[in-house]
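Encoded as structure tokens, the structure appears first; notes follow it.
The values are calculated or read from the model by the stated rules, or taken from the named source; none is laboratory data. Remember, predicted model here, so these are calculated numbers, not experimental data. Note: ideal-geometry Cβ built from the backbone for every residue, glycine included; neighbour counts use all protein chains shown. Calculation scope for accessible area: heavy atoms of the full protein, side chains included, ligands and nucleic acids excluded. Shrake-Rupley method; radii C 1.70, N 1.55, O 1.52, S 1.80 Å.
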Amino acid sequence: MVHVAAELGIADRLATGAKTADALAQETDTAPVPLRRLVRALASIGLVEEVEPGRFALTAAGSQLRSNVPGSMRNLALMFGGERAWKSWGELLHSVRTGESGTRRVFGVGSFEYLAANPAQAAIFNAAMAENTGRITELLVSAYDFSRFRNIVDVGGGDGTLMGSILAANAGVRGAVFDLPSGIAQAEQKLADVGVFARCAIIPGNFFYSVPEAADAYLLKMIIHDWDDEQSVAILSNCRKAMHKSSKMLLIERVMPERMEATPIHQQMAMADMNMLAMPGGQERTEQEYRTLLTAAGLSLERTIPLPGTEISVIEVRRNS
Ligand SMILES: C[S@@+](CC[C@H](N)C(=O)[O-])C[C@H]1O[C@@H](n2cnc3c(N)ncnc32)[C@H](O)[C@@H]1O
């Protein structure tokens, strides 16, 4: 329902004021009766409100489905109800039985190969990642002192949302966003929009081959969770090779609890973990599991800084020698 509302642009169409279900059906070229039933269902979950019989207004929650507004989740809705997620999750029983991701089972390729071959889907994915990242950038920039680094590489930095916020808040720092060509396709625009393009390189590449060398800090936000242990150690080892002796690595990830409880934050982590199983074939990990991977790559976990009120932590890492 949320996905279909996002596809049809219902929130954008209601942004200027309430409309009847019939008017929405006409604008969206949908069948009036089913569209009315959809909008009524959206009212039941608080995304719209029926202000008079048959006439619907957007709520604050529904506004998150508008495009290009702060806090928008429209691309997340487009992605999570879209064909790749839907079909991949439909294979969850197979994934639990075999460990094979749903995406690989259905589409015959890994998530990032799929995105490389589908630029329109990659643009939605990159924007969805930026929406997720946008939720925590302010918190991250205030919780961690990035001004002590001269230069920072964001490995798998996507459209540059994270790097843009760090550079905007730290005028003395230079950055680079490193990602596959499909990952960085929107980065130039994003970095220009936040006014830091002149201080940020955009570097296409593959972290299974190599990573740009000798930066003071390497950020990997939501990277390691996409991969199995062997692939993760390969990525971390390539980062270690690129690091100088006092470089830091910062993994920004959900750190799974040792024991799961029925709390909203644990639930978010568990859903993310299932999503890693269904789609890229990775997993969310505990701090101990991160320590084990880091040790195998010649690195050491120095400290873990939880971002308050979120399920996300910054894991600070150094080279062993
Ligand atoms: C889950 S997204 C995270 C994006 C961003 N760091 C964030 O948190 O919003 C994973 C990123 O890894 C990139 N990626 C996947 N495989 C890669 C590879 N082999 N080399 C470099 N980047 C890769 C993807 O293109 C994508 O941007």
Study note, to complete from the structure: Scanning the range 122-142 residue by residue, the ones that are open to solvent by 50 Å² or more (accessible area, probe 1.4 Å) and not in a loop (DSSP other than H, G, I, E, B) total 4
Point to revise | Number of the condition not met by Ala6 [criteria: (1) in a loop (DSSP other than H, G, I, E, B); (2) in contact (Cβ under 8 Å) with a residue 12 or more places away in the chain] | key: (1)
Revision key, fill the gap. Counting only residues that are farther than 25 Å from Gly17 by Cβ, in contact (Cβ under 8 Å) with a residue 60 or more places away in the chain and assigned to a helix (DSSP H, G or I), the range 55-85 contains a total of 3
Check your understanding: If you scan the range 94-121, which residues turn out to be among the polar types (S, T, N, Q), more than 16 Å from the ligand (Cβ to nearest atom) and buried (at least 16 other Cβ atoms within 10 Å of the Cβ)?
Key -> Ser95
**Study point:** Pairs with Cβ under 7 Å, 6+ apart, first in the range 30-54 and without any contact (Cβ under 8 Å) to a residue 40 or more places away in the chain, second among the hydroxyl-bearing types (Ser, Thr, Tyr)
**Key:** Leu35/Thr28; Gly46/Thr59; Val48/Thr59; Glu49/Thr59; Gly54/Thr20
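Restricting to the range 34-55, name every residue that is more than 31 Å from the chain's Cα centre (by Cα) and either under 16 Å from Met1 (Cβ atoms) or not β-branched (Val, Ile, Thr) (or both).
Of everything in the range 34-55, those that are more than 31 Å from the chain's Cα centre (by Cα) and either under 16 Å from Met1 (Cβ atoms) or not β-branched (Val, Ile, Thr) (or both) turn out to be Pro34, Arg36, Arg37, Glu50, Glu52, Pro53, Gly54, Arg55.
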Practice item. Kindly establish whether Pro204 is in contact with a strand residue (DSSP E or B) (Cβ under 8 Å, 6 or more places away or on another chain), modelled with pLDDT of 95 or more, within 15 Å of the ligand (Cβ to nearest atom) and open to solvent by 60 Å² or more (accessible area, probe 1.4 Å). Key: yes
Exercise for review: Find the residue count for the range 207-222, including only residues that are in contact (Cβ under 8 Å) with a residue 60 or more places away in the chain, away from the ligand (no atom under 11 Å from the Cβ) and aliphatic (A, V, I, L, M).
Suggested key: 2
Review point. Does the range 143-152 contain any residue that is at pLDDT below 95, open to solvent by 10 Å² or more (accessible area, probe 1.4 Å) and not charged (D, E, K, R)?
Key: yes
Practice item. For the range 253-272, state whether one or more residues are in contact (Cβ under 8 Å) with a residue 60 or more places away in the chain, open to solvent by 20 Å² or more (accessible area, probe 1.4 Å) and not β-branched (Val, Ile, Thr). Key: no
Check your understanding: For the range 219-240, how many residues are over 19 Å from Thr133 (Cβ atoms) and in a loop (DSSP other than H, G, I, E, B)?
Key -> 1
Check your understanding: Of the numbered conditions (1) more than 24 Å from Tyr114 (Cβ to Cβ); (2) within 16 Å of the ligand (Cβ to nearest atom); (3) small (Gly, Ala, Ser), Ala296 satisfies every one except a single condition; which is it?
Key -> (2)
Exercise for review: Could you list, in sequence order, all residues of the range 123-134 that are in contact with a Leu (Cβ under 8 Å, 6 or more places away or on another chain) and either within 8 Å of the ligand (Cβ to nearest atom) or of a type in the set (Lys, Arg) (or both)?
Suggested key: Phe125, Asn132, Thr133
